[in-house]
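Colleague: Below are the structure tokens for one structure; questions will follow.
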Amino acid sequence: MLAPFLAKKALRCRHHVFVSHYALRYASTTSVELSDADRTRLLRQRNIGVSAHIDSGKTTLTERILFYTGRINAIHEVRGKDNVGAKMDSMDLEREKGITIQSAATFCDWKTKNPITGEKEDYSINIIDTPGHVDFTIEVERALRVLDGAILVLCAVSGVQSQTITVDRQMRRYNVPRISFINKMDRPGANPKRVIQQIRQKLRIPAAAVQVPIGAEDELTGMVDLVRWKAVYNRGTKGVDVVEEDEIPTSVLQEAKDRRAELIETLAEVDEQMSDAFLEDAPITTEMLVGAIRRATLARKFTPVFLGSAVKNTAVQPLLDGVCAYLPTPSDSITSALDLAKPAGEQAVDLIPAAEAPVVALAFKLEEGKYGQLTYMRVYQGSIKKGGWIFHAKTGKRVKVPRLVRMHSDDMEDIESIGPGEICAIFGIECASGDTFTDGQTSLSMTSMFVPEPVISLAIKPEGTETPNFSKALNRFKKEDPTFRVHVDAESQETIISGMGELHLEIYAERMKREYNVPCITGKPQVAFRETITAPSKFNYTHKKQTGGAGQFGRVIGSIEPEERDPETGKDIRFENVVMSGNVPNNFIPAVEKGFLEAMEKGSLAGCPVSGVKYTLEDGAFHAVDSSELAFKLAAIGSFREAYKNASPVILEPIMTVEITAPLFFIRNNFLHHTGNIIGGVNQRRGTIIDTEVRDDEFTLIAEVSLNDMFGYSSALRGATQGKGEFSMEYKEHQPVLPHIQKEMADAYRKKLEGKSK
Ligand SMILES: Nc1nc2c(ncn2[C@@H]2O[C@H](COP(=O)(O)OP(=O)(O)OP(=O)(O)O)[C@@H](O)[C@H]2O)c(=O)[nH]1
């Protein structure tokens, strides 16, 4: 009877389609429909993320949101003088370093003013504050996976930066509509027009301001709301009082008129109704504007741009109103799952966020807390109750829900039940990040998440003698974070950890000490090289051993070929069994797969992990007495090594997108800049320059450089720019190393092996 037992396969592809929240249409295998109660509740529900380039002010903004919505009763700054730190940076390390490492979930209620009727309406908002640093990119990925909409925060001076582009790409991957918030409007040099231009050009999405600032720098007092045509000011301590006036200050009146015209024109290009009204020269009402902005935002054809200053408590409340007015409800975004009871290709099913539908929930994040494993879940359909039962879709295991909570950063609030479209956390259930839970009434399962490849690895060992805590900590980190990998090098017997950057691994080493009392010694960070094949190759391999007693026999026939990376899941290793004859009995197939995966851990070219391979088992032979799982596993390892040599293997290295910025300035009428030095430095590191830009007072260069050539770049850049330059980098892809480097690496590996065998 239990449908979850049908769950067998790794899952891919999620699509997300937006429909008007007034016209819900669902194609589904079940007959459950949204009730009126569901519709009313979903209409007032928002699940949003706050994402941006590092240091744009996400945490500071979220702190304001929590304060204005009454979730916290005092504001604490990131790196603030009171040493308390922001609510959402709950880890000690986050507070010390002033950066967000883990995404934190919270929720709040907001009484918004309906922009059309002017009436107050209550909304529930789940918010996930995500890290900006590229090393913690998996946190952004998993947040976007479960959110319906996002606030993209930008700095009013720096505009679109490298990580803004990454976050934007991630939002596109998960079809997440976004509103933009240009923060730091109090900074000298704030230039929202330039930032909006960059959003249009660099993020390639039509954008227009929905506000115009009143005053600048220390004199920034409020915004003109271009949609409702009101002047909105923040008054009172910490800007808690929002005061609206009909009169637009004359100093910004013309600017406001121009920007409103620009907003209408931009919308007319992306929204049919607005286009018709524009062509007919019809008067544009607030209602028409709100409708057009909402439709175009949900369709991801437009991003409305809000302005403000989180730190100066200016215009955060209007942004919250914007979240309610323009970001999707859980029923606007239709999320697909796979019905594993159906044949491949016909499995996609749209989920229905109805309380009465069978439960489908996704465990998107795990955390080891004081009371055991805490699993964050997004409930897509159905309801979960405390004390009720849910089923792990992959294993079919039935688990009781002992405790259900809503998270407020590191605090929590116990709840009795949770409905569709909500985010909650459950204690005491065993699972991995990305697993689906149901109520056993359905064979639906969510699709998996994109996991990027690690780019850096280093050896790690405990300072003193090894205690069980060492492996306990590593196992926990591995389970929580799919971009953190651990393996023991077969030759050196060293434990190697790999991740998304030096900071990523440094943080884990620090957490070993703080959370597990295992101070560690770490080796020099090394680039995580990989190997792959560039041509198909066949194998016909027999593993045979006769040593007196029971022998070993297994024969495998098939091929290996290059496998493209799945853009949704990041997976590029595939095993396929097409044996028809029964020459390899079914019970030995998993052993063949295991052998293939084991062989992939170390390529024979330079000893690096192998990726991008599909292994097809076509035929083979077995012996009634001598065949065993071990024999077939060893046959698979041997077959892979045999075929690998003939598959034109290459060594791959991580290539990074590097963004370098340096100020341009005048000293005693001399125009000073370091552009020549910066370009020279990039060329020296064999980088490919993708783009350069000279703005009023800043030079920016974007290049692609191999990570191996980036070691020591911080000090080189400091030297080249008198300490004025800054850079950030993010992983782009693995690419083949130059032929002479491949030869050097392969020779060195061969010598190492020869030395060992002597
Ligand atoms: N001038 C000015 N500074 C701000 C504003 N908002 C934030 N900051 C400052 O910018 C710095 C970074 O702020 P955070 O809130 O930590 O930024 P973040 O985007 O959460 O940073 P990460 O999580 O590390 O990526 C802090 O020093 C803030 O005080 C603002 O509106 N104006």
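Only the coordinates and a few stated rules stand behind these numbers; no lab work does. It should be emphasised that the depicted structure is a prediction, and the values quoted were computed from it without experimental measurement. With ideal geometry, Cβ positions are generated from the backbone for all residues, glycine too; neighbour counts draw on all protein chains shown.
Colleague: Round to the nearest 0.05 the FRET efficiency obtained for residue 573 and residue 193 when R0 = 35 Å and r is the Cβ-Cβ distance.
Modeller: It comes out at approximately 0.15.
Colleague: Tally Lys and Arg at +1 and Asp and Glu at -1 over the other residues with C-beta under 11 Å from the C-beta of residue 597: what net charge comes out?
Modeller: 0
Colleague: Let me ask you something else. What aspartates and glutamates sit close enough to residue 614 to cross-link, taking a C-alpha to C-alpha distance under 16 Å and skipping anything fewer than 8 places away on the same chain?
Modeller: Here the aspartates and glutamates satisfying the reach criterion relative to residue 614 are 531, 561, 563, 564, 566, 572, 576, 593, 598, 601, 642.
Colleague: Further, regarding this structure: Using the count of nearby Cβ atoms within 10 Å as a rough guide to exposure, how do 721, 335 rank from fewest to most?
Modeller: 721, 335
Colleague: Taking the Cβ-Cβ separation of residue 732 and residue 37 as r and a Förster radius of 41 Å, what is the calculated FRET efficiency to the nearest 0.05?
Modeller: Efficiency for this residue pair is about 0.30.
Colleague: In degrees between 0 and 90, to the nearest 10, how far off the longest principal axis of the chain does helix 286-298 point, with axes built from Cα atoms?
Modeller: The helix 286-298 is inclined about 10 degrees to the chain.
Colleague: Please give every one of the lysines within straight-line cross-link reach of residue 342, meaning a C-alpha to C-alpha distance under 19 Å, and leave out same-chain neighbours fewer than 8 residues apart.
Modeller: 8, 9, 394
Colleague: Can you give me the C-alpha center-to-center distance between the stretch 275-306 and the stretch 687-758, rounded to a whole angstrom?
Modeller: Rounded to whole Å, the Cα centres lie 45 Å apart.
Colleague: Oh, and also: Please report, in whole Å, how far the alpha carbons of the stretch 562-608 spread along each principal axis, starting with the longest.
Modeller: Here the Cα extents, ordered largest to smallest, are 34, 28, 15 Å.
Colleague: Next up: Once you have the Cα-Cα distance between residue 714 and residue 244, take 0.36 nm times their residue separation minus that, and quote the gain in nm to one decimal.
Modeller: Between residue 714 and residue 244, full extension yields an extra 164.4 nm.
Colleague: Mind checking the full-extension length gain between residue 753 and residue 119? Use 0.36 nm per residue of separation minus the Cα-Cα distance, one decimal, nm.
Modeller: 220.7 nm
Colleague: Could you line up 289, 503, 34, 154 from fewest to most neighbouring Cβ atoms inside 10 Å?
Modeller: Arranged by neighbour count, lowest to highest, 289, 503, 34, 154 become 503, 34, 289, 154.
Colleague: For Cα pairs less than 8 Å apart in space and 6+ apart in sequence, what is the mean separation divided by the residue count of the chain, i.e. the relative contact order in percent?
Modeller: Relative contact order of the chain: 11 percent.
Colleague: Which of the aspartates and glutamates could a cross-linker span from residue 400 if the Cα-Cα distance has to be under 20 Å and same-chain partners fewer than 8 positions apart are dropped?
Modeller: 356, 367, 368, 413, 414, 416, 422, 430, 435, 439
Colleague: May I ask you to order 191-200, 50-59, 490-499 by the average number of other C-beta atoms within 10 Å around their residues, highest value first?
Modeller: Listed from highest to lowest mean packing, they are 50-59, 191-200, 490-499.
Colleague: Which log10 I(q)/I(0) values, to two decimals, does the stretch 652-740 give at q = 0.11, 0.14, 0.16 Å⁻¹ under the Debye formula with one point per Cα?
Modeller: Normalising to I(0) and taking log10 leaves -0.31, -0.49, -0.61.
Colleague: Could I ask something else about it? How large is the translational diffusion coefficient of the chain in µm² per second when you combine the Kirkwood radius over alpha carbon pairs with Stokes-Einstein at 20 °C and 1.002 mPa s?
Modeller: Value of D from the Cα-based Kirkwood radius: 76 µm²/s.
Colleague: Hey, which of these cross-link pairs are over 30 Å Cα-Cα: 545/752; 386/461; 111/238; 479/645?
Modeller: In this structure, 386/461; 479/645 exceed 30 Å between Cα atoms.
Colleague: A further question on this structure: When 185, 407 are ordered from fewest to most other Cβ atoms inside 10 Å of their Cβ, what list results?
Modeller: Lowest count first: 407, 185.
Colleague: Please give the Cα centre distance for the stretch 392-469 versus the stretch 316-372, rounded to the nearest Å.
Modeller: Measuring centre to centre over Cα atoms gives 15 Å.
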